[in-house]
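Below is one structure, written out as structure tokens; the observations come after it.
Computed from the coordinates by the stated procedures, all read-outs in this text should not be read as laboratory data. Small disclaimer: the values here were computed from a predicted structure and weren't measured. Glycine gets a Cβ as well: all are built from the backbone with ideal geometry, and neighbour counts include every protein chain shown.
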């Protein structure tokens, strides 16, 4: 585990499974239909059980599909986390189609939702780097910069954790935090 402080908030890296995190919320790299899928999304729905899917269906019935870069919150179901913040990251299309802005929005909107929901701890996967094909080095740069910038302005969170499943992704995030964090 690697950890730094930004204002009053701890920014941590964990090598592991996001579905096992005992934070107030974990972030789901969802698809716009919110009905589960592969990767992190499927793992969260399987581990959390049917209550998550039921709330997701109600959200989509009420507002339609979730646009890329936006976020919504549901119960955590059977997860250790009390809530799941679902956000839709961009599909990588070469980097010239607004992907960076949309990815930053996904992190920022998830953090804002955590704060307005009164949550204190939130765990993120590496959004869009699986099936959506975003290069990990570029995604880590955007994720870390967006989170650090947010935490410099907002003091309502106690901890933000990046949970990386693969050790190579963990190293990329650790190097990115070390490079971007200037105390």
Starting from the Cα coordinates of the chain, work out the convex hull volume and express it per residue in Å³.
101
Burial-style ranking of 58-71, 162-175, average other-beta-carbon count within 10 Å with highest first, yields 162-175, 58-71
Ordered by packing density, taken as the mean number of other Cβ atoms within 10 Å over each peptide's residues, highest first, how do 121-127, 12-18 rank?
121-127, 12-18
Using alpha-carbon coordinates alone, the radius of gyration and Dmax of region 93-175 in Å work out to 12.8, 37
Any chance you could run the full-extension gain for residue 3 through residue 137? It's 0.36 nm times the residue separation minus the Cα-Cα distance, nm to one decimal.
46.3 nm
Over region 2-180, what is the relative contact order in whole percent, taking alpha-carbon pairs under 8 Å and six or more residues apart?
30
Modelled FRET efficiency - R0 41 Å, residue 182 with residue 80, Cβ distances, 0.05 increments
0.75
In nm, to one decimal, how far is the residue 112 label point from the residue 60 one, both placed 7 Å along Cα→Cβ?
2.4
